[in-house]
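Enquirer: Take this structure, written in structure tokens, and hold onto it; I'll ask about it next.
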Amino acid sequence: MSLSAVLFAAEALFIRWLNDRGVPTSTQLFARSMGQLLWVLPLVLSGGLAVFHTRRTGMHLMRGLCSTTTWGLYFLSFAFLDLATATVLSFTNVMFTTLLAGPVLGERVDRARWAGTLAGLLGVAVMLRPGADVPLTGALVALGAALAWCGITLTSRSLSRTERTETVLAWVGLVTSACTLPFAIAGWTPLNLGDVAILAVFGLVTPGIIWLVTEALRAGEASAVAPFQYLRLVVIAAVGWILWGEVPDGWTWLGAAVILSGAVMISISEARRR
């Protein structure tokens, strides 16, 4: 889980680096989508098109659309916000998931998850208080990505009850690639060999996040390993300070601490519930 957190942080740094090099967000998205599709290509080659066999095509399409929306807004948030702030706001996805788990999936939400959700929302209010240094547009984009992230979580829970993991991954790669291709064509700008090389590494390496998280949950108790995913904030904040001199103000760090506490509380409660 710690390695997945570091790789998640590396993804954010790639995004910032590509933004600085003028590579469009749509191109970055397409590269990541194609990379994810390449990760499941061996399954397609060995099992044929049977890997796509499902009776829940609509839910797979919804899962893919949620992924496209989430990553599009998440990538875009780094164009407006510093690395640490964008990362902290992405953690609010666990709060939104808690709010929707009851009415959408009929799950019972315990007191710990409600407490974590309220703490997270309070942290957002602290970060976005009147006079804050956080750009409102960037904050709304980041919160939109977190809200769309709930769609990934909720559809994944639903699909996990009936679908094989490889089928879910294959459909996600296919739908996200198909969705991002028109935007990549519309926003295309010429790339030099350096940009192409960075995009290739970015697209092929970052899908490993899913594999690392899956293996972490297979190897250890979820309540023990889940909080380690938040290590990525430490890595991102440190690198943002060293490379770009980004230092959020005290109020932003206070809000971040409250959000992070709520997110950890919900993660542990969710893991124990399962």
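The values are calculated or read from the model by the stated rules, or taken from the named source; none is laboratory data. Being a predicted model, the structure only gives us computed values, none of them experimental. With ideal geometry, Cβ positions are generated from the backbone for all residues, glycine too; neighbour counts draw on all protein chains shown. Heads up: the accessible areas ignore ligands, DNA and RNA and are worked out on the full protein's heavy atoms, side chains in. Shrake-Rupley method; radii C 1.70, N 1.55, O 1.52, S 1.80 Å.
Enquirer: Given 0.36 nm per residue, what is the gain on full extension from N19 to V234 after removing their alpha carbon distance, in nm?
Expert: This chain segment gains 75.2 nm when fully extended.
Enquirer: Quick one: Kirkwood hydrodynamic radius for the range 54-113, alpha-carbon pairs, angstrom, one decimal?
Expert: For the range 54-113, the Kirkwood estimate is 13.7 Å.
Enquirer: Turning to a different aspect of this structure: To the nearest 500 deg cm²/dmol, what mean residue ellipticity at 222 nm is calculated for the chain from DSSP H runs of n ≥ 4 alone, each contributing -39,500 (n - 2.57), summed and divided by the residues?
Expert: Per the formula, -26000 deg cm²/dmol.
Enquirer: Here's something else I'd like to know. Using the Kyte-Doolittle scale, which helices in the chain average at least 0.0 and also have C-alpha atoms spread 20 Å or more along the helix axis, with helices defined as whole DSSP H runs?
Expert: Sorted by number, the helices that extend far enough and score high enough are 2-20, 25-47, 57-77, 111-127, 136-160, 165-186, 250-273.
Enquirer: Same structure, new question: In debye, nearest 20, what is the charge dipole magnitude of the chain about its Cα centre with +1 on Lys and Arg Cβ and -1 on Asp and Glu Cβ, if you could check?
Expert: That gives a dipole near 860 debye.
Enquirer: Quick one: with all protein chains in place, what share of the accessible area of the range 37-147 is carbon or sulfur, to the nearest percent (1.4 Å probe)?
Expert: 70 percent
Enquirer: In whole angstrom, note down how far apart the Cα centers of the range 6-56 and the range 119-193 are.
Expert: About 13 Å separates the Cα centre of the range 6-56 from the one of the range 119-193.
Enquirer: For Cα pairs less than 8 Å apart in space and 6+ apart in sequence, what is the mean separation divided by the residue count of the chain, i.e. the relative contact order in percent? Spell out each step's value before the answer.
Expert: On the way: 381 pairs, mean separation 112.5, N = 274.
Across the chain, relative contact order equals 41 percent.
Enquirer: Need one number: convex hull volume per residue for the chain, Cα atoms only, in Å³.
Expert: Once divided by residue count, the hull of the chain is 130 Å³.
Enquirer: Could you order peptides 74-82, 240-248, 190-198, 112-120 by the average number of other Cβ atoms within 10 Å of their residues, highest first?
Expert: 74-82, 112-120, 240-248, 190-198
Enquirer: Given labels modelled 7 Å from the Cα in the Cβ direction, how far is it in nm from T162 to L61?
Expert: Placing both labels 7 Å along Cα→Cβ, they lie 1.5 nm apart.
Enquirer: Return the distance in nm (one decimal) between the two label points of a simple spin-label model at A115 and A50, each offset 7 Å from Cα along Cα→Cβ.
Expert: So the two model labels end up 5.0 nm from each other.
Enquirer: What's the extension gain from I242 to A219 if we count 0.36 nm per residue and subtract their Cα-Cα distance?
Expert: 4.9 nm
Enquirer: Would you mind computing the Rg to Rh ratio of the range 133-235 from its alpha-carbon coordinates, Kirkwood style for Rh?
Expert: That ratio is 1.00, to two decimals.
Enquirer: Mind giving me the nanometre distance, one decimal, between the label points for D249 and W211, set 7 Å out from Cα along Cα→Cβ?
Expert: Reported label-point gap for D249 and W211 is 4.4 nm.
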